[in-house]
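The values are calculated or read from the model by the stated rules, or taken from the named source; none is laboratory data. Since we're looking at a predicted model, the values are computed, not measured. Cβ coordinates were reconstructed from backbone atoms using ideal geometry, including for glycine residues, and neighbour counts include every protein chain displayed. Just so you know, the surface numbers come from the protein's heavy atoms only, side chains and all, with ligands and any DNA or RNA stripped out. Shrake-Rupley method; radii C 1.70, N 1.55, O 1.52, S 1.80 Å.
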Amino acid sequence: MSDKSAVCLQIEDDLLAAAMGEAGAGAARRVEQHVAACAPCRREFQGYRAVDSAVTALREEPVPSGHLAQARQHLETRLLDLRQRLLTYRIFPSPLGHILIARSELGISLVEYLERGTSLRASRLSHDPGVELIEGGGELEAIHRELLEYLDGRRKRLEWPLDLRLARSDFHRTVLQATAAVPYGAVVPYAGIAQEVGKPAATRAVAQALRWNPLPIVIPCHRVIGTSGALTGYAGRRVGLKQKLLSLEGVPTAKRAGVLGITPQAMYILYPGDQEYCIPTCPSFSGHRPAPLTRFSSRENAEAAGFAPCTTCRPDLHPISR
């Protein structure tokens with residue numbers, strides 16, 4: 001269902017026609033009067049105008065010298081760049097506060113906690129000259145419903161198409177892709193992600209990349225913790241949000257010496273490269289070198305991620321008691 005009013009729906013076709021200069025005089029006047037009073041339609045109209053202006057400029061641009069195929073490729077590249085700058089967005093309430101969700105034609109590109117009010121001015125997008133923004137509708141409402149189901153514990157996966165255009169570098173993008181693979185109900189240290197991306201000495205760089213994660217929750221940087229088990233850094237200094245998300249997934253946390261962290265002895269462990277998960281006291285670990293461990297909140301989550309119970313410590317027969 002669209003969130004637009006009946007008036008906005010009625011004028012939708014005229015809005016596009018007026019932006020392209022193809023509306024009749026009467027329709028153009030109606031659009032002018034409507035966008036003067038309706039901010040969402042005004043932003044949509046401006047987005048259409050930006051597209052039309054850019055396409056017109058491309059058509060008038062001299063054909064580059066060389067083969068026709070090269071000229072066509074040049075034009076297609078420019079048009080693709082233009083389309084990719086267009087983002088639709090909505091701001092929604094949630095149990096974690098107001099959240100802005102934005103998407104491109106490729107997928108969800110931003111999930112942002114808004115700390116200073118509920119307007120677009122509170123978003124990083126309002127300061128990004130590289131995007132054209134249009135307030136979205138029904139397609140983002142469906143995404144919001146799935147997010148609420150996740151936050152309510154009725155869903156364990158958010159299988160959205162993602163667009164990582166707002167990642168700050170190729171390295172950040174690689175870190176985000178590795179983090180997206182951390183299973184539900186599991187935690188890994190920053191050092192584990194650094195090892196996964198082939199940069200074992202880049203723990204701090206990994207932490208910085210996740211600090212600027214444009215897609216929290218769906219790319220679960222809340223599942224990445226300090227080597228000591230501390231819940232270091234999340235959405236700035238909002239460690240409380242990190243604890244809420246981990247608690248939702250059954251990850252036990254506690255505060256020790258004033259520092260909030262996981263409770264490692266209450267979690268199952270997985271050594272890098274192994275296919276079997278263990279209890280923390282498993283004797284098979286005595287021969288392993290120290291390495292970043294993945295920890296699971298439950299046997300069910302470990303097995304849902306594709307791992308089997310250890311045949312030595314038998315966590316299926318001797319589960320951790322909490």
>> Quick test for you: out of Leu151, Leu158, Leu164, Leu176, pick the one residue that is in contact with a Lys or Arg (Cβ under 6 Å, 6 or more places away or on another chain) and of a type outside the set (Ser, Thr, Tyr).
In response: Leu164
> Of all the residues that make up the range 117-169, how many are over 16 Å from the mean Cα position of the chain (by Cα) and among the small types (Gly, Ala, Ser)?
Replying inline: 9
> Could you say which residue among Ser286, Ser297 is open to solvent by 40 Å² or more (accessible area, probe 1.4 Å) and out of contact with any strand residue (DSSP E or B) (no Cβ under 6 Å at 6 or more places or on another chain)?
Replying inline: Ser286
> Restricting attention to the range 302-322, which residues are polar (S, T, N, Q) and touching a residue at least 24 places away in the same chain (Cβ under 8 Å)?
Replying inline: Thr311, Thr312
> What is the number of the single condition among (1) assigned to a helix (DSSP H, G or I); (2) touching a Pro at 6+ places or on another chain (Cβ under 7 Å); (3) among the β-branched types (Val, Ile, Thr) that Ile193 does not meet?
Replying inline: (2)
>> Given the condition touching a residue at least 24 places away in the same chain (Cβ under 8 Å), within 27 Å of Ser284 (Cα to Cα), basic (Lys, Arg) and not in a loop (DSSP other than H, G, I, E, B), answer yes or no: does some residue in the range 214-224 qualify?
In response: yes
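Yes/no matrix, rows are residues, columns are (1) open to solvent by 30 Å² or more (accessible area, probe 1.4 Å); (2) at pLDDT below 85; (3) of a type in the set (Asp, Glu):
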| site | (1), (2), (3) |
| --- | --- |
| Lys4 | yes, yes, no |
| Ala36 | yes, no, no |
| Ala71 | no, yes, no |
| Gln84 | yes, yes, no |
>> Between Arg124, Arg157, Arg103, which is surrounded by fewer than 16 Cβ atoms within 10 Å (Cβ to Cβ), touching a strand residue (DSSP E or B) at 6+ places or on another chain (Cβ under 7 Å) and at negative phi?
In response: Arg124
> Of the residues Ile262, Ile320, which is in contact with a Ser or Thr (Cβ under 6 Å, 6 or more places away or on another chain) and either crowded, with 17+ Cβ neighbours inside 10 Å or β-branched (Val, Ile, Thr) (or both)?
Replying inline: Ile262
>> Pull out all pairs, ordered by first then second residue, where Cβ-Cβ is under 7 Å, the residues are six or more apart or on different chains, the first lies in the range 176-204 and is under 18 Å from Thr232 (Cα atoms), and the second is in a loop (DSSP other than H, G, I, E, B) and of a type in the set (Asp, Glu).
In response: Gly185/Glu249
>> When the residues of the range 111-136 are narrowed to those that are among the hydrophobic types (A, V, I, L, M, F, W, C) and assigned to a loop (DSSP other than H, G, I, E, B), which ends up modelled with the lowest pLDDT?
In response: Val131
> Between a first residue in the range 274-301 that is closer than 24 Å to Leu246 by Cβ and acidic (Asp, Glu) and a second residue that is part of a strand (DSSP E or B) and open to solvent by 30 Å² or more (accessible area, probe 1.4 Å), which pairs have beta carbons less than 7 Å apart while being 6 or more apart in sequence or on different chains?
Replying inline: Glu276/Ala308; Glu276/Pro309
> Checking Asp170 against (1) farther than 23 Å from Asn301 by Cα; (2) touching a residue at least 24 places away in the same chain (Cβ under 8 Å), which single condition isn't satisfied?
Replying inline: (2)
>> Quick check on the range 221-259: of everything there that is open to solvent by 40 Å² or more (accessible area, probe 1.4 Å) and among the basic types (Lys, Arg), which residue is farthest from Ala180 (Cα to Cα)?
In response: Arg256
> When the range 9-33 is examined, which residues are found to be open to solvent by 80 Å² or more (accessible area, probe 1.4 Å) and touching an Asp or Glu at 6+ places or on another chain (Cβ under 7 Å)?
Replying inline: Met20, Arg30
> For the range 248-322, list the strands (runs of 3 or more DSSP E) that sit wholly inside it and hold at least 2 residues that are touching a Pro at 6+ places or on another chain (Cβ under 8 Å) and either within 30 Å of Pro95 (Cβ to Cβ) or of a type in the set (Val, Ile, Thr) (or both); which are they?
Replying inline: 268-270, 294-296
